[in-house]
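The values are calculated or read from the model by the stated rules, or taken from the named source; none is laboratory data. Keep in mind that this is a model prediction, so the values were computed, not measured. Every residue, glycine among them, receives a Cβ derived from its backbone with ideal geometry; neighbour counts consider all protein chains shown. Surface accessibility is based on the protein's heavy atoms, side chains included, excluding ligands, DNA and RNA. Shrake-Rupley method; radii C 1.70, N 1.55, O 1.52, S 1.80 Å.
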Amino acid sequence: MKILVVNAGSSSIKYQLLDPDDSGPLAKGTLEKIGQPGSFLTHTVRGEKHRLERDVLDHSAGIEWVLQVLADPELGVIRDVREIDAVGHRMVHGGEKFYKPTLVTPEVMDVLVECIPLAPLHNPHNIKGIEACRRILPDTPQVVVFDTAFHATIPKHAYLYALPYDLYEKHRFRRYGFHGTSHYYVSREVAKHMGREDDPDFRVITCHLGNGGSITAVKGGKSIDTSMGYTPVEGLIMGTRCGDVDPYLFIQIMEIYDLDTRQVSNLMNKFSGLLGISGVSNDMRTLEELMDTDERARLAIEMFCYRVLKYVGAYTAALGGLDALVFTGGIGTNSPLVRRIVCSNLGYLGLKLDEEANERGVGNKTLRISAPDSKVEVWAYLTNEELVIAQQAAEVVASL
Ligand code: ADP
């Protein structure tokens, strides 16, 4: 089977063509600067990266170009786009309407549009990608896979906010959580490695630490709590998002600086987090390079790690103990420093890091970084959200 996985953002489209039974993509790439001058496509095939340039007006033109490249005699991996069995679309927010990978029909499209207010920064662009593929590949099944779906098992006492209950009933204001496909993938893979895939008592905490970050408590393969909430702003300190803050502060800030909602949204989403604290960068690599000479870069790293540590403690309590701790995402897989700082404070769980393995574990796919006598296994694990989307899309198509 060949599944095209599409992740459409505001001005970009990421894609991979995959066989769901094989973890490596046949081809992958990113189209950037859609609707802007200088659009370009970075396409990787057979281990080689190609940069192609062409002005792309909208998502539809973008998808058309991607399909052309995939079927190109030199750069492509298929002869005809009809070889694509299904398209799997990443969709950020499915609200309480979608808890499963879903085949796109006209009725489903209407409900997806109803979910736009839940994630106004992401969902409209995801929908543009789906619309473009439906237009260009009308006979190919389109499947949507939701970032929120894995968190459908979080119990009510963990997903509700302590606001007047009517607000939940009327507007479904609650924790939804994100990065679901990543938390699902790494927790499932580590359970497999540890031979505990079918164990309902297996307790794992997954830390997805990228530019955005979230942490999830998984018991017996099910998410029971996660740090992102109604939106991705809640929880960990991220590249440019603040994570947990006393919500009353925003009222104060809005009053003092006479900010409107868009401005305060930018403040919490774009100018906070590692960037806000350090004043220099949202990029962990840069902060690590500066930490010996720049006090605020060091402070940003310390605060970042402390927040992760607090959540690990809270989720260990929620799980009633811990069997495995997994780090993934750009920082989780690549930063021995962050893993070391977090783990050095978890000795009380009987967790012992293998320092040498931890230092080696840069970008490693499946690396156990705990010492053999550690009571909690620690893993650095490269996530593969595209593979999960391809597998789930293939399952939906197989069930038709
Ligand atoms: P996104 O959430 O945008 O998908 P990624 O998962 O790619 O982001 O993670 C990006 C983050 O990973 C950046 O903060 C980057 O600095 C960090 N990162 C990548 N490589 C390293 C490294 N070798 N050491 C430390 N941090 C790294």
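Please give me the summed charge of the neighbours of VAL56: other residues whose Cβ is under 12 Å from its Cβ, Lys and Arg +1, Asp and Glu -1.
Numbers: positive: LYS33, ARG54; negative: GLU32, GLU53, ASP55, ASP58, GLU64.
Cβ neighbours under 12 Å give a net charge of -3.
Can you list the lysines whose alpha carbon is less than 27 Å from that of LYS375, not counting same-chain residues fewer than 8 positions off?
LYS192, LYS219, LYS222, LYS310, LYS352, LYS365
Can you give me the accessible area per residue for the chain, using a 1.4 Å probe, in Å²? Please list the in-between numbers first.
Details: 18570 Å² over 400 residues.
That works out to 46 Å² for each residue.
First compute the accessible area of region 277-400 with a 1.4 Å probe, then give the percent of it belonging to carbon and sulfur atoms.
Working: 2800 of 5610 Å².
Heavy-atom surface of region 277-400 belonging to carbon and sulfur, 1.4 Å probe: 50 percent.
Out of region 142-185, which trypsin sites (Lys or Arg not before Pro) are coil in DSSP terms and have no more than 16 other C-beta atoms within 10 Å? Mind showing how you got there, number by number?
On the way: sites: LYS156, LYS170, ARG172, ARG174, ARG175; in loops: ARG172, ARG174, ARG175.
Here the sparse-neighbourhood loop sites are ARG172.
When only Cα pairs under 8 Å and 6 or more residues apart are kept, what is the percent relative contact order across region 2-161? Walk me through the numbers before you get to the answer.
Values: 299 pairs, mean separation 36.6, N = 160.
Normalised by residue count, the contact order of region 2-161 is 23 percent.
Give a residue-ordered list of calculated ³J(HN,Hα) values for region 174-179 (Karplus: 6.51 cos²θ - 1.76 cosθ + 1.60, θ = phi - 60°; whole Hz; x for Gly, Pro).
Listing the rounded values in order: 6, 6, 10, x, 9, 6 Hz.
Any idea how far apart ASP292 and ARG340 come out in nm if each label point goes 7 Å out from Cα toward Cβ?
Spacing of the two 7 Å Cα→Cβ label points: 1.2 nm.
Treating only the Cβ of Lys, Arg, Asp and Glu as charged (+1, +1, -1, -1), what charge dipole size does region 1-150 show about its Cα centre? Round to the nearest 20 debye.
Working: 16 positive and 21 negative charges, 55 e Å.
For this selection, approximately 260 debye.
How much net charge surrounds LYS97 when only other residues with a Cβ under 15 Å from its Cβ are counted (Lys, Arg +1; Asp, Glu -1)? Each step should come with its number before you reach the end.
On the way: positive: LYS100, ARG172, ARG174; negative: GLU96, GLU107, ASP110, GLU114, ASP147.
Net local charge, LYS97 excluded: -2.
Rank by packing, highest mean first: peptides 182-188, 247-253, 73-79, 90-96, with packing defined as the count of other Cβ atoms within 10 Å averaged across residues.
On the way: 182-188: 25.3, 247-253: 11.6, 73-79: 13.3, 90-96: 22.3.
Those peptides, ordered most packed to least, come out 182-188, 90-96, 73-79, 247-253.
Gain in length, MET303 to LYS270, computed as 0.36 nm per residue apart minus the alpha-carbon separation, to one decimal in nm? Could the numbers behind the result be given before it?
Values: separation 33, 0.36 × 33 = 11.88 nm, distance 1.77 nm.
Value of the extension gain: 10.1 nm.
According to a simple spin-label model (label point 7 Å from Cα along Cα-to-Cβ), what is the distance in nm between LYS49 and TYR161?
4.0 nm
When the Cα centres of region 307-381 and region 61-137 are compared, how far apart do they sit, in Å?
What the calculation gives is 35 Å, centre to centre.
Please identify which residues in region 73-106 have an amide N closer than 16 Å to a label point set 7 Å out from the Cα of VAL113, following the Cα→Cβ vector.
Those under the cut-off are 104-106.
In the chain, if every C-alpha pair distance is counted and binned at 20 Å from zero, what percent goes to each bin?
P(r) for the chain, in whole percents per bin: 26, 59, 16, 0.
Of the options GLY313, LEU274, LEU112, report the single residue whose Cα projects farthest towards the positive end of the charge dipole of the chain (beta-carbon charges: Lys, Arg +1; Asp, Glu -1).
GLY313
Among HIS183, ALA152, LEU387, whose Cα sits farthest toward the positive end of the charge dipole of the chain (+1 at Cβ of Lys/Arg, -1 at Cβ of Asp/Glu, about the Cα centre)?
ALA152
Can you compute the charge dipole magnitude of region 77-235 about its Cα centre, using +1 on each Lys and Arg Cβ and -1 on each Asp and Glu Cβ, nothing else charged? Give it in debye, rounded to the nearest 20.
Values: 19 positive and 19 negative charges, 38 e Å.
Dipole of region 77-235, to the nearest 20 debye: 180 debye.
With no solvent and one equal point scatterer per Cα, compute the Debye intensity ratio I(q)/I(0) for region 202-251 at 0.14, 0.15, 0.24, 0.29 Å⁻¹ and report its log10, rounded to two decimals.
Evaluating at q = 0.14, 0.15, 0.24, 0.29 Å⁻¹ gives log10 I(q)/I(0) of -0.39, -0.44, -0.86, -1.05.
Report the relative contact order of region 99-240, percent, no decimals, based on alpha-carbon pairs under 8 angstrom and at least 6 residues apart.
22 percent.
In the chain, with Lys and Arg counted as +1 and Asp and Glu as -1 at Cβ, which of these residues, LEU325, PRO164, PRO20, has the Cα nearest the positive end of the dipole, that is, farthest along it?
The residue sitting farthest along the positive end of the dipole is PRO164.
Can you compute the charge dipole magnitude of the chain about its Cα centre, using +1 on each Lys and Arg Cβ and -1 on each Asp and Glu Cβ, nothing else charged? Give it in debye, rounded to the nearest 20. If you can, show how the numbers build up before the last one.
Working: 42 positive and 52 negative charges, 64 e Å.
Dipole size: approximately 300 debye.
Note down the Stokes-Einstein diffusion coefficient of region 334-387 in µm²/s, whole number, using a Kirkwood radius over alpha carbon pairs, 37 °C, and 0.692 mPa s. Display every interim value, and only then the final one.
Numbers: Rh = 11.3 Å.
The Stokes-Einstein estimate is 290 µm²/s.
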